[in-house]
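Notes to accompany the following structure.
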Amino acid sequence: MASPEEIQQELDSVEYELQAIELQISELHERQVELNSTKNRLKKKLKQATEQSPSAGTSTAQAVDLQSFVKKDFPWSKKVQKNLDEIFHLSAFRPLQLQTINITMSGKDVFLVMPTGGGKSLCYQLPAVSSEGFTLVIAPLVSLMEDQLMYLERLGISAATLNASSTKEHNKWVLNAMLEKSSEFKLLYVTPEKIAKSKMFMSKLEKAYHAGRLTRIAVDEVHCCSQWGHDFRPDYKVLGILKRQFPNVPLIGLTATATSNILKDCQKILCVENPLTLTASFNRPNLYYEVRDKPSSTEDFTEDIAKLITGRYKDQSGIIYCFSQKDSEYVAVNLQKMGIRAKHYHANMEAADKSDVHRNWTDNKIQVVVATVAFGMGIDKPDVRFIIHHSLSKSMENYYQESGRAGRDDKKADCILYYSFTDIFKVSAMVVMENVGQQKLYQMVSFCQDKERCRRVQIAQHFDEVWDSKDCNQMCDNCRHDNAFIIVNIANHAKDLVKILEQAHSLDEKLTPLKLIDSWLGKGISKLRVLSVAPPGLNRVQIEAVIAHLLVQQYFREDFSFTPYTTISYIKLGPKAGLLKNDKHTIMMRMKKDSTTKDPVKSPKLSSGDKNSAEVKKERGDRKRPLSDDSRMPKKVKKEVV
Ligand code: ADP
Ligand code: MG
Ligand code: ZN
């Protein structure tokens, strides 16, 4: 039987190895980002090269195919261009719209992946009005169809839906229009249920098909077909019948959120054999992304926002996204007091009041809507010049969607997020019931804390996409500003915090983040302080950054307590806290340099001579090299490994 010393030795060695792996993982991660960026550059190059050489190899067949659809000399091109201008009153295509339209006009099946607000609807609406017959549109929600119908009606396009609340006369008119040769009827919207459940409707479709009237099928939110997607709808499963019954009718599938695996699944379910797939970039080049530290006093903060609205955004339209209904009301009232035309908007309002706010804002009678996330669906005002986040979003996906409501007219717009440490825990308590809520929130926290990497590069990672920070054009705070950094080892800080947490645990006390900070600073309730722990010599922002880093890195975790009125978050030791028992464990963190703090961080001494620690040191040495390599880090970043 091994002695405790021997076991301890073995345990130490395992922990050393774990540490080394940890470092390797972060190395590999950086390498992945770098390789992806190179891949992207090479792909672009290849695309340019194949455009110039018509004798491209078969592996790039699809790239060449897609390229050939950019032309404007198809038999239908003149008509399409004319309708874009005269019916839709739009002056130019957005990226990928022209290709998609040409592909579907030429009778081929196509899948289009494009972010929300990118302009997917035009890709079937414009072909619909530029072709004989009508287009069948499958959409998941009646409310979305109604929005579309209102829009089409304003444009003078003949379109309709068939649903449970339609009148008999309406149904009769539609079913007639589907077959009548001389009809100007262009778009028919139905839910998948209609296909699944109405034999009568299917028989009419069949007739329309044989009469050559069914010109095209558009499946909106096509990812709903797949069980792997987040939005699976069983009725979408039956849609394969369309391609089987009407094999000659081209199908266009549209979605904002499908990975290639989900698309393959949808393809199978819809019985579409070889669709061309187009994927638009999630990059919004006209949006300027910025994260600011939120002022701690509410008055200062409100004043800050008011200054922006009456100064830089004078007479311009915007949205402020707030954490809670209460916040949205509070902020709106305070802005009103300062003479700003602001109104709140949240789910707990009468429907009529909500649509009043929406309409008045659309008509520029209100300058700012101060809203919760309830202000979302169907918001597509083109000239929104600013989106202010009063507190961080609950996930990167949410942030992308919310900030994405700015600048739909492709003109420059700003997205400013105000980040504060205490907001993390408010949001955390809100998402506590969600499956991966915490994980998603921490990704958002990492985004806010990162004052170094291009915001676009960070957002891209969440969409499995690669953006090159070079393409940012200084349209984010991190690319624009010179931030000086030091890379510091915060292991000793972490150990001090662990001591405080362990002592509290032994006293049967739970520490909120604020109590933890107080104790660290030698403030607050005296029994929660630890004698051997000295204040860290960091400013408040740095202290909060250290704790947030330790949370995100899982040295700490949150623990929740539910009262009838509220959910409280406490800090507890996390799964990785055990690693700190090892004296040589390091936790590296990039910290913004602050001239007011001397000796920002004490670093633990790495003893040399020990094989394992030498290994870790070597890892660190290796790590240092690529970090100081110009290709990895922008030049402005000043690196000092403390
Ligand atoms: P999606 O379905 O991709 O979320 P929509 O089709 O609803 O997006 O379009 C979003 C907004 O973009 C609409 O207001 C639409 O009028 C506008 N839009 C679409 N195409 C263009 C274009 N080529 N130029 C300007 N605006 C466009
Ligand atoms: Mg859409
Ligand atoms: Zn950038």
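Residues in segment 343-352: is at least one farther than 30 Å from Tyr209 by Cα, charged (D, E, K, R) and surrounded by 19 or more Cβ atoms within 10 Å (Cβ to Cβ)?
Yes, segment 343-352 has at least one match.
Are any residues in segment 117-146 farther than 16 Å from Phe88 by Cβ and assigned to a helix (DSSP H, G or I), and if so, which ones?
Val142, Ser143, Leu144, Met145, Glu146, listed by residue number.
Just name the residue that is farthest from ligand 1 (Cβ to nearest atom) out of those in segment 124-146 that are more than 13 Å from Leu251 (Cα to Cα) and among the hydroxyl-bearing types (Ser, Thr, Tyr).
My answer is Ser131.
How many of the residues in segment 292-307 are surrounded by fewer than 12 Cβ atoms within 10 Å (Cβ to Cβ) and assigned to a helix (DSSP H, G or I)?
Of the residues in segment 292-307, 2 are surrounded by fewer than 12 Cβ atoms within 10 Å (Cβ to Cβ) and assigned to a helix (DSSP H, G or I).
Within segment 212-230, can one find any residue that is touching a strand residue (DSSP E or B) at 6+ places or on another chain (Cβ under 9 Å), within 28 Å of Met114 (Cβ to Cβ) and of a type in the set (Asp, Glu)?
Scanning segment 212-230 turns up at least one residue that is touching a strand residue (DSSP E or B) at 6+ places or on another chain (Cβ under 9 Å), within 28 Å of Met114 (Cβ to Cβ) and of a type in the set (Asp, Glu).
Could you check segment 452-493 and list, in sequence order, the residues that are among the basic types (Lys, Arg) and closer than 18 Å to Tyr400 by Cα?
The answer is Arg453, Arg455, Arg456.
Identify all residues within segment 209-223 that are among the hydrophobic types (A, V, I, L, M, F, W, C) and outside any helix (DSSP H, G or I); write none if there are none.
Ala211, Leu214, Ile217, Ala218, Val219
Somewhere in segment 205-212, is a residue surrounded by 21 or more Cβ atoms within 10 Å (Cβ to Cβ), closer than 25 Å to Asp109 by Cβ, among the charged types (D, E, K, R) and modelled with pLDDT of 95 or more?
no
Do you know which residues across segment 231-248 are in a loop (DSSP other than H, G, I, E, B) and either of a type in the set (Ser, Thr, Tyr) or more than 16 Å from ligand 2 (Cβ to nearest atom) (or both)?
Phe232, Phe246, Pro247, Asn248
Could you list, in sequence order, the residues of segment 537-554 that are at pLDDT below 95 and of a type outside the set (A, V, I, L, M, F, W, C)?
Matches in segment 537-554: Gly537, Asn539, Arg540, Gln542, Gln553, Gln554.
Out of all the residues in segment 390-405, which are assigned to a helix (DSSP H, G or I) and surrounded by fewer than 21 Cβ atoms within 10 Å (Cβ to Cβ)?
Met396, Glu397, Asn398, Tyr400, Gln401
Looking only at residues in segment 355-389 that are among the basic types (Lys, Arg) and in a loop (DSSP other than H, G, I, E, B), which one is farthest from Tyr399 (Cα to Cα)?
Ranking the candidates gives Lys365 first.
If I filter segment 249-266 for residues that are away from ligand 2 (no atom under 16 Å from the Cβ), touching a helix residue (DSSP H, G or I) at 6+ places or on another chain (Cβ under 8 Å), farther than 18 Å from Lys120 by Cα and at pLDDT 95 or above, do I get at least one hit?
Yes, segment 249-266 contains at least one residue that is away from ligand 2 (no atom under 16 Å from the Cβ), touching a helix residue (DSSP H, G or I) at 6+ places or on another chain (Cβ under 8 Å), farther than 18 Å from Lys120 by Cα and at pLDDT 95 or above.
Which residues, counting only those in segment 153-181, are part of a helix (DSSP H, G or I) and surrounded by 13 or more Cβ atoms within 10 Å (Cβ to Cβ)?
His170, Asn171, Trp173, Val174, Leu175, Ala177, Met178, Leu179
Of Ser561, Ser532, which residue is of a type in the set (S, T, N, Q) and in contact with a helix residue (DSSP H, G or I) (Cβ under 9 Å, 6 or more places away or on another chain)?
Ser532
If we only count helices (runs of 4 or more DSSP H) wholly inside segment 1-87, which ones have 3 or more residues that are at pLDDT 80 or above?
Output list reads 4-52, 77-86.
Going through segment 97-123 one residue at a time, which ones are within 12 Å of ligand 1 (Cβ to nearest atom) and touching a strand residue (DSSP E or B) at 6+ places or on another chain (Cβ under 7 Å)?
Matches in segment 97-123: Thr100, Leu112, Val113, Lys120, Cys123.
Count, please, the residues in segment 216-257 that happen to be polar (S, T, N, Q), more than 13 Å from ligand 1 (Cβ to nearest atom) and either crowded, with 21+ Cβ neighbours inside 10 Å or closer than 11 Å to Pro192 by Cα (or both).
Residues meeting the conditions: 1.
Any idea which residue in segment 472-529 is farthest from ligand 1 (Cβ to nearest atom), counting only those that are buried (at least 16 other Cβ atoms within 10 Å of the Cβ) and among the acidic types (Asp, Glu)?
Asp496
Which of the helices (runs of 4 or more DSSP H) contained wholly in segment 406-498 include at least 3 residues that are over 17 Å from the mean Cα position of the chain (by Cα)?
421-430, 477-480
Within segment 550-560, identify whether any single residue is over 34 Å from the mean Cα position of the chain (by Cα), surrounded by 17 or more Cβ atoms within 10 Å (Cβ to Cβ) and either farther than 17 Å from Thr586 by Cβ or charged (D, E, K, R) (or both), and answer yes or no.
Checked against the condition, which is being over 34 Å from the mean Cα position of the chain (by Cα), surrounded by 17 or more Cβ atoms within 10 Å (Cβ to Cβ) and either farther than 17 Å from Thr586 by Cβ or charged (D, E, K, R) (or both), segment 550-560 yields no hits at all.
Those residues that are surrounded by fewer than 14 Cβ atoms within 10 Å (Cβ to Cβ) and out of contact with any strand residue (DSSP E or B) (no Cβ under 6 Å at 6 or more places or on another chain), I need them from segment 561-575; list them, please.
Phe562, Thr563, Pro564, Tyr565, Thr566, Pro575
The values are calculated or read from the model by the stated rules, or taken from the named source; none is laboratory data. Please read these numbers as outputs of a predicted model, since none were measured by experiment. Positions of Cβ are generated from backbone atoms using ideal geometry, with glycine treated the same way; all protein chains shown enter the neighbour counts.
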